[in-house]
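Peer 1: Sharing a structure below in structure tokens format, with a few things to ask.
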Amino acid sequence: MNIINPATESIITSLEEDNKQSIAEKYAQARRSQPAWSQVPLQERIEKISQFHQLLETESEMLAATLTREMGKPLSQSRNELKGARSRIAFFLEHSGQWLREEWVWQEEGLGEKIVYEPLGVIANISAWNYPYLVGVNVFIPALIAGNAVLYKPSEHTTLTGMKIAELLYRAGIPQHTFQVVVGAGAAGQALLEMPIDGYFFTGSYATGKHIYETVAPRMVPCQLELGGKDPLYVPNDNANLRQVAQAAVEGAFYNNGQSCCAVERIYVHEQIYDAFVNHFMEEVQQLKVGSPEAADVFIGPVARKEQLNVLEQQVEDALDKGAKLLTGGRRIAQAGYYFQPTVLVDVNHRMRVMTEESFGPIIGIQKVTDDEEAVALMQDTDYGLTAAVYADTQERAEQVLSKINTGTAYWNCCDRVSARLPWSGRKHSGIGTTLSYLGIRAFVKPKAYHLRKPVS
Ligand code: NAD
């Protein structure tokens, strides 16, 4: 498997992919190692993860450089991702003990009732490339702390990062058989679906997520899916800070080159402030620096996958055919590397793919609305349900809108934001299950209910 640098299209290195046989062997090793790992006292498991947390800091420059090279994320954003991952791990280190210890829920003369949280066993963590540290630590950190063994399949676009993660976990004291990297693309992921694994934790596209859900359903094991989005941002007419809102919206739409599950993918603006907002928005977009992701001040590097350039071009073409106006961008940049111009479309509507299909790139449509009711109808007109943002002057008005939107996350005056303290979950085609928060700790255990009655003397 060739690992390609999306900024130069050159081959960084070639790796041998796992095959069905090697994956079966890794599974067997994980299965054998898991009972001993689950017997390691919780505090000791937490201490080992704490070592890993420390190593992520010590090695952060090397890790950021590796991520930028194989995935094209600007170096400053790779560093930010590592910082964000460390803060999520800190949350798990602090709170796992509280949510994993046994709970006495009833005690009376001669009768006790308690819940014991047992690890699931061997879990598969099939991951995406856009934030390999963030979406990875949501799963493998609480899974390991809870006493599971993990078969971790990084995306084929961030395999080197996956291998570095394993190296650091081993240095931190996690047994090699307890955390294993499965190297490869779809076929390696498919082979994992065929193993008798105790839980699937997937981050990626709706198409692959649906396939995984259907495939493992007969086995009756937990299957969590963190999938795509088409996340809306709405600016009603009471907002007096349009410059700041435009800044935030540009950041939400273009950070990580728009390749975030919760990126702002479509914008609705009240007609009374529409022109002013679009002007501010364009001023911000013109300042985005595009170039080599290794350069210090670059905000937009290449997209990670070559195929996405076609998707982006097709979305632009489709929108223009149906009457949209292009304010800037619209094309790939003619040079080596998978570069696409930051693109803004107006006069858009929901007959256009750019307003209904996940773009996952540096492209955004801005649509005019007459009132909150129309905004709600349009925000709701989607197969997805990950996040929605409202930039309103009052919390009341924002909540009036947000309470009507079927999403797992709702933002007032912020967007493209994830907190370890809050549950991260999608609705509809954005997935099923929860990571982060105490719910994302409990996702990696199964409760056993003990009814304990003393013998009658
Ligand atoms: P993808 O579905 O192409 O791949 C995801 C993973 O699945 C990869 O590791 C891939 O090798 C593996 N895979 C492919 N075919 C498989 C099969 N048949 N069986 C098992 N595994 C298989 O998605 P991607 O391009 O890596 O990621 C982008 C998508 O992820 C976007 O839709 C994005 O919105 C979504 N995402 C969601 C979240 C979230 O928290 N909801 C976070 C990050 C990314």
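The values are calculated or read from the model by the stated rules, or taken from the named source; none is laboratory data. These numbers were taken from a predicted model, which means no experiment stands behind them. Here the Cβ positions follow ideal geometry from the backbone for every residue, glycine too, while neighbour counts run over all protein chains shown. The accessibility values were calculated without ligands, DNA or RNA, using every heavy atom of the protein model including side chains. Shrake-Rupley method; radii C 1.70, N 1.55, O 1.52, S 1.80 Å.
Peer 1: Which parts of region 139-172 would a label at ARG101 reach, counting a residue when its backbone N lies under 16 Å from a point 7 Å out along Cα-to-Cβ?
Peer 2: 146
Peer 1: What is the sum of charges around GLY323, taking Lys and Arg as +1, Asp and Glu as -1, for the other residues whose C-beta is under 12 Å from the C-beta of GLY323?
Peer 2: 0
Peer 1: Okay, moving on. In percent, how large is the relative contact order of region 286-380, given Cα pairs closer than 8 Å and 6 or more residues apart?
Peer 2: Computed over region 286-380, the figure is 22 percent.
Peer 1: What does the helix-only formula give at 222 nm for the chain: each DSSP H stretch with n ≥ 4 adding -39500 (n - 2.57), the total divided by the residues, and the result rounded to the nearest 500 deg cm²/dmol?
Peer 2: -12500 deg cm²/dmol
Peer 1: Can you give me the accessible area per residue for region 13-140, using a 1.4 Å probe, in Å²?
Peer 2: 45
Peer 1: Another question, then. Which value, in Å² and to the nearest 10, is the accessible area of HIS177 when all protein chains are kept and the probe is 1.4 Å?
Peer 2: 80
Peer 1: Under 15 Å from the Cβ of ALA334, count the other residues' Cβ atoms, weight Lys and Arg +1, Asp and Glu -1, and hand me the total.
Peer 2: Working: positive: LYS306, ARG331, ARG332; negative: GLU9, GLU313.
Taking every other residue near ALA334 into account, the sum is +1.
Peer 1: Express in whole angstrom the spacing between the alpha-carbon centres of region 72-89 and region 1-15.
Peer 2: Cα centres, region 72-89 to region 1-15: 22 Å.
Peer 1: Students sometimes get this wrong: rank TRP424, TRP106 by accessible area, probe 1.4 Å, all chains present, largest first.
Peer 2: I get TRP106, TRP424, largest accessible area first.
Peer 1: Could you tell me the extents of region 231-412's C-alpha atoms along the three principal axes, largest first, rounded to whole Å?
Peer 2: Taking max minus min along each principal axis of the Cα atoms, region 231-412 gives 49, 33, 30 Å.
Peer 1: Just to be sure I understand the model, the point goes 7 Å from the Cα along the line to the Cβ. What's the resulting GLN395 to TYR170 distance in nm?
Peer 2: About 5.0 nm separates the two model spin labels.
Peer 1: Given contacts defined as C-alpha pairs under 8 Å and at least six residues apart, what's the relative contact order of the chain, whole-number percent?
Peer 2: Reported as a whole number, the value is 19 percent.
Peer 1: Now for a separate question. For a quick protection proxy, order the peptides 41-50, 365-374, 19-28 by their average other-Cβ count within 10 Å, most packed first.
Peer 2: 365-374, 19-28, 41-50
Peer 1: While we're on this one: With a 10 Å radius around each residue's Cβ, average the other Cβ atoms per peptide and rank 448-455, 142-149, highest first.
Peer 2: 142-149, 448-455
Peer 1: Please work out how much length the chain gains when fully extended from ASN279 to ASP297, using 0.36 nm per residue of separation minus the C-alpha to C-alpha distance, in nm with one decimal. It would help to have the intermediate numbers written out before the result.
Peer 2: Values: separation 18, 0.36 × 18 = 6.48 nm, distance 2.36 nm.
So the chain would gain 4.1 nm between ASN279 and ASP297.
Peer 1: Give me the distance between the Cα centres of region 155-190 and region 307-325, rounded to whole Å.
Peer 2: Centre-to-centre distance over Cα atoms comes out at 36 Å.
Peer 1: Return a whole-number percent for the relative contact order of region 231-412, with Cα pairs under 8 Å and 6 or more residues apart as the contact set.
Peer 2: 27
Peer 1: In square angstrom, rounded to the nearest 10, how much accessible surface does THR407 have for a 1.4 Å probe?
Peer 2: 20
Peer 1: Assuming 0.36 nm per residue, please report the length gained on full extension of the stretch THR13 to GLU61 beyond their Cα-Cα distance.
Peer 2: Numbers: separation 48, 0.36 × 48 = 17.28 nm, distance 1.98 nm.
Taking THR13 through GLU61 to full extension adds about 15.3 nm, to one decimal.
Peer 1: Describe numerically, in nm with one decimal, the distance between label points set 7 Å from Cα along Cα→Cβ at HIS350 and at ASN241.
Peer 2: So the two model labels end up 3.0 nm from each other.
Peer 1: Order the following by accessible area, largest value first: MET62, MET220, MET355. Probe radius 1.4 Å; ligands, DNA and RNA are ignored.
Peer 2: MET220, MET62, MET355
Peer 1: Okay, next question. Hey, rough spin-label estimate for ASN2 and ARG421, points 7 angstrom out along Cα→Cβ, what's it come to in nanometres?
Peer 2: So the label points at ASN2 and ARG421 sit 4.8 nm apart.
Peer 1: Near LYS454, which lysines are there with a Cα under 24 Å away, not counting those fewer than 8 places off in the same chain?
Peer 2: Partners found: LYS114.
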